[in-house]
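Since the structure comes first, as C-alpha cells, the remarks are kept for the end.
The values are calculated or read from the model by the stated rules, or taken from the named source; none is laboratory data. What you see is a predicted model, and the numbers here were worked out from it, not measured in a lab. Don't worry about glycine lacking a Cβ; one is built from the backbone with ideal geometry, like all the others, and counts go over all protein chains shown. For the accessible areas, the whole protein counts, side chains as well, though only heavy atoms, and no ligand, DNA or RNA atoms are used. Shrake-Rupley method; radii C 1.70, N 1.55, O 1.52, S 1.80 Å.
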Amino acid sequence: MKLKRSGRVLALGVSLAILPLIAPGVAAAAPAIAPIDLGALPGDQYSMVNAVNDGGVMVGSSTPLDGQIKYHAAKWDAQGRISALPGLGGDQSKATDVNRGGVAVGWALKAATWNQTAVRWAPDGTVTALPYLPGGDHAIANAITDGGVVVGAGRAADGKIHAVRWNPDGTVVDLGGLPGGAYATAEWITPDGRTVAGTASDAAGNNHVVRWNLAGAITDLSPGNPYSTPEDMNDFGVIVGSAELNGNPKPVRWERDGRMTWLEYPESGPAWAKAVNNAGAAAGGGYLVFGTESPAKWNRAGTRTTLSTERGLGYDIDRLGTVVGLENNIAAKWAADGTRTVLGALPGGGYSVATHIAPNGTIIGVSENENGRTRAVYWPAG
C-alpha cells in the first residue's frame, strides 16, 4: 500500500503441465490499455518512476545512454510533464518518495566530496541537504510523511550504516540497528510518524525485519528466522514480506503486535508478499510449478487467491483490493473480483510492469520502448 520503489521484477519461464492449488475461475482479460510514456530529461534515454502521491504527482530518476549509469532526479506532475529536480553540485541524484503536499526526498552527490547526501525537495523544486549523523559522510532518504518526517539510512562515526530519522525541522536522529550488526536502514514510516520499519543485520550478517517505535527503540520481528525480508508496510504498521521456511522464502505478514503470520502458499517452491493495504490484504505471488511464479493475493485471514496461472507477480494492492503487477512480461491489473485488464506496453516494447497504484487510481510502472530502452510510464486514473 505504501507507494515505494520496486527493485525486484521477476519474470521467469513458464510450464503449465501441473498446477497445484490453483484457484478456479480465473477471470478473462479486459482489452489492453496503452501506457503513457513519461519521457526522460533532455539528453537522457532511460527513466524510472519510484513513487506517486495521492494527487498523481510522481518522482524518480532519468538516466543517459552511458557506459556508467548516472541518475538524475526527476518529477512529473499529474499530467505527466517532466521536470528536473536540482542536485547539490554533483552529477547524480535520485528521488525516492513524495508526500501528499508534493515534498520529495531522495539523495544527491556533492560536487566537492562526491559523498551521497540525503535531500529534500520542496514543491517548487528547492533542494535542501539533510544533515549527516555526527561523524558520518553518507546518507539516503527513503520515505517522507505528510508532516515532513523523513527516514532512511546513514553512515555513523563507527563506520557502520545506521537507520536514521530526520524531524521536520531537519534535526537528525540515530535509530541505530541490532546489536553487533553492521547495517540498518529505515524504509517506511506510518503517517502518524510513530512506527518505522526496515531491515537490520545481526552480528552474523543475517538480515532481519525490524521496527522502531517513536522513542527510537528497535524490535527484531524475526528473531528466530534471520533470513527474512520486508517488502511493504501499511498505514497502521502491518508489514509484509518473506521469511525462510524449509529452505525457501515464504510469504509472511507481521501484525501490529509483532506476531508473524505465514500466508497460504503451496509447500514447494518460493513465494513472496510484495504489498499490503490498510485492511491487511496482501499481493505478491510464488511458484505454482518449478521455475514459474504466478501472481496472487491474500485476504486478511491469509487465504490465497491465484490471480493468474500464467507467469507473473503482483506488486501493489489498493484499498479496494485492486492488484497491479505483470503477467507474461506485460503490465496487468486485477480488480477485486479478479477481472484482469492488460495494461499493455509502449509501441514496439516487449516488456512492461505496473509497480504502484495511487489512491486516486493512477498506476505507475516501467515499459520498454521500440529501442529496448526502459521508460517510466503511467496509466491515468479511470
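All of Ile161, Ile144 fail the test of being closer than 30 Å to Asn360 by Cα, out of contact with any Leu (no Cβ under 7 Å at 6 or more places or on another chain), among the aliphatic types (A, V, I, L, M) and modelled with pLDDT of 95 or more, apart from Ile144. Counting only residues that are under 18 Å from Val164 (Cα atoms), assigned to a strand (DSSP E or B) and hydroxyl-bearing (Ser, Thr, Tyr), the stretch 92-135 holds 3 of them. Of all residues assigned to the stretch 164-171, none qualifies as being within 18 Å of the chain's Cα centre (by Cα) and closer than 30 Å to Asn213 by Cα.
Apart from one condition, Ser222 fits all of (1) over 19 Å from the mean Cα position of the chain (by Cα); (2) under 25 Å from Ala296 (Cβ atoms); (3) in a strand (DSSP E or B); the exception is (3). Restricting attention to the stretch 203-245, the residues that are at pLDDT 95 or above and among the aromatic types (Phe, Trp, Tyr) add up to 2.
From the list Pro249, Pro230, the lone residue that is farther than 19 Å from Ile357 by Cβ and open to solvent by 30 Å² or more (accessible area, probe 1.4 Å) is Pro249. Annotation for the stretch 5-17: at least one member residue is at pLDDT below 50, more than 19 Å from the chain's Cα centre (by Cα) and open to solvent by 70 Å² or more (accessible area, probe 1.4 Å).
In the set Gly224, Gly198, Gly216, which member is without any contact (Cβ under 8 Å) to a residue 12 or more places away in the chain and either out of contact with any helix residue (DSSP H, G or I) (no Cβ under 8 Å at 6 or more places or on another chain) or open to solvent by less than 20 Å² (accessible area, probe 1.4 Å) (or both)? Lay out the reasoning, then the answer.
On the way: Gly198 fails: without any contact (Cβ under 8 Å) to a residue 12 or more places away in the chain; Gly216 fails: without any contact (Cβ under 8 Å) to a residue 12 or more places away in the chain.
Matching residue, one of Gly224, Gly198, Gly216: Gly224.
Residue count for the stretch 50-91 satisfying the condition of being out of contact with any Ser or Thr (no Cβ under 9 Å at 6 or more places or on another chain) and either free of Cβ contacts under 8 Å to residues at least 24 places away in the same chain or part of a strand (DSSP E or B) (or both): 9. Scanning for something charged (D, E, K, R) and under 20 Å from the mean Cα position of the chain (by Cα), does the stretch 298-313 turn up at least one residue? No, every residue in the stretch 298-313 fails to be charged (D, E, K, R) and under 20 Å from the mean Cα position of the chain (by Cα).
Can you tell me which of Glu368, Glu327 is at pLDDT 95 or above and under 18 Å from Ser47 (Cα atoms)?
Glu368
Somewhere in the stretch 292-309, is a residue in contact with a Pro (Cβ under 7 Å, 6 or more places away or on another chain), of a type in the set (Gly, Ala, Ser) and within 26 Å of Ala95 (Cα to Cα)? Within the stretch 292-309, none of the residues are in contact with a Pro (Cβ under 7 Å, 6 or more places away or on another chain), of a type in the set (Gly, Ala, Ser) and within 26 Å of Ala95 (Cα to Cα).
Pairs linking a residue in the stretch 363-382 that is among the aromatic types (Phe, Trp, Tyr) to a residue that is open to solvent by 50 Å² or more (accessible area, probe 1.4 Å), with Cβ atoms under 7 Å and 6 or more positions apart or on different chains, are Tyr378/Ile36; Trp379/Ile33. Filter the stretch 261-271 for residues that are more than 23 Å from Asn329 (Cβ to Cβ), of a type outside the set (Val, Ile, Thr) and assigned to a strand (DSSP E or B) and give the result. Within the stretch 261-271, Trp262 is the sole residue that qualifies.
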